[in-house]
1. Counting only residues that are away from the ligand (no atom under 16 Å from the Cβ) and surrounded by 10 or more Cβ atoms within 10 Å (Cβ to Cβ), which one in region 8-51 is modelled with the lowest pLDDT?
2. Going through region 8-24 one residue at a time, which ones are more than 15 Å from Glu48 (Cβ to Cβ) and assigned to a loop (DSSP other than H, G, I, E, B)?
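The values are calculated or read from the model by the stated rules, or taken from the named source; none is laboratory data. Computed from a predicted model, the values in this text were never measured in an experiment. Cβ coordinates were reconstructed from backbone atoms using ideal geometry, including for glycine residues, and neighbour counts include every protein chain displayed.
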Amino acid sequence: MVPKLRTPNERSCELCDRSEVWNEAEGTWRVADGDDGPVVGSLHCIHEWDINGSFMPFGDRRDAAEG
Ligand SMILES: [Zn+2]
């Protein structure tokens with residue numbers, strides 16, 4: 001087995017459930033196809049992306065700063 005570095009190729013919005021997949025050929029995110037068509041979500045949403053995998057943002061550091 002060869003360890004393979006995985007880059008995020010799927011992401012979904014925590015606020016409006018928009019779902020996107022990475023289009024390697026075009027080098028851009030594309031709206032994913034859901035069971036009932038593209039999962040567009042809200043066009044006015046600022047999108048809080050939840051990227052699948054081990055990508056970790058700053059987490060709970062904010063709480064320490066407020067203490
Ligand atoms: Zn959103």
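1. Filtering first and then ranking leaves Pro8.
2. Asn9, Glu24
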